Amino acid sequence: MTDKELISKLNTLTNKEVFFGPQGFNNVTTIDELNQAQTGFGGSELEQSSTNENLSGEEAGCWQSSWQVFARDTELGDPYFVDIRENLLPVYTGFLADNGWEVEQVAESLEAYIACIQLLFEHGQQTQAQFFPDDTTVTDEVVLQQLKQQLIEVSGCQHFWQLFMQCYLDWLTEE
């Protein structure tokens, strides 16, 4: 998949930034943003970063050269990326731990990720992260349980979305 094809798929999102409670996703929408998103991780399709260095490696725990960052978590800045070696373009997130990158699958494909992001926007309709719940916050337990099930089914990835929704529920009950 080329950078242009990836951007074309990402541009099917209704919103570049999507928030649900305090959590959010900031997705790239241009080739320039895509190339900028690689800074500090590795090269883009052309193996270029802002320093013209390839910071990836093939060893376990290293940032893999086939990982293409296309979004960031708005709360912590963690990357969301696809593995361009795989046809379905599975989506992952991760953080740099003491022993290298800890990676979690978010969706079995880029299309599934996009569908999940659309679901979150449809339920939350937020334009920015919320620091505290307010009268627009989704609090109905049945609706939240249904949303969690939809996210798991659409993504094909249970663990990430269970954790995502648990963090949301914890945020709802914080004082």
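Tabulated values for the structure
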item	result
Given 15 as the ceiling on other Cβ atoms within 10 Å, longest exposed-site-free region of the chain for trypsin sites (Lys or Arg not before Pro) in DSSP loops	86-175
Within region 82-118, GluC sites (Glu not before Pro) in DSSP loop having at most 16 other beta-carbon neighbours inside 10 Å	GLU86
In Hz, Karplus ³J(HN,Hα) per residue of region 69-81 (6.51, -1.76, 1.60; θ = phi - 60°; x = Gly, Pro)	6, 9, 7, 9, 5, 6, 8, 10, x, 4, x, 10, 8
Sparse-neighbourhood loop sites, chymotrypsin sites (Phe, Trp or Tyr not before Pro) in region 113-156 - DSSP loop, at most 16 other Cβ within 10 angstrom	PHE131
Lys/Arg +1, Asp/Glu -1 at C-beta; region 72-175 dipole; positive extreme among ILE114, PHE160, ILE84	ILE84
Correct choice for Rg and Dmax of the Cα atoms in Å that was computed from the model, options (1) 15.7, 54; (2) 18.3, 62; (3) 16.3, 50	(3)
Gain on full stretching of the segment that runs from GLN125 to GLN162 - 0.36 nm per residue minus C-alpha separation	11.3 nm
In Hz, Karplus ³J(HN,Hα) per residue of region 117-122 (6.51, -1.76, 1.60; θ = phi - 60°; x = Gly, Pro)	5, 5, 4, 4, 5, 4
Residue-averaged 222 nm ellipticity for the chain, from DSSP H runs of 4+ at -39500 (n - 2.57), nearest 500	-11000 deg cm²/dmol
Vicinal HN-Hα couplings computed from phi for region 105-111 (Karplus, 6.51 cos²θ - 1.76 cosθ + 1.60; Hz; Gly/Pro x)	6, 9, 7, 6, 8, 5, 4
Unit charges on C-beta of K, R, D, E only; dipole of the chain, Debye	400
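FYI, it's all coordinate maths here, none of it is from the lab. Computed from a prediction, not measured in an experiment: that's the story for all the values here. Methodologically, a virtual Cβ is constructed for each residue, glycine included, from the backbone with ideal geometry; neighbour enumeration extends over all protein chains shown.
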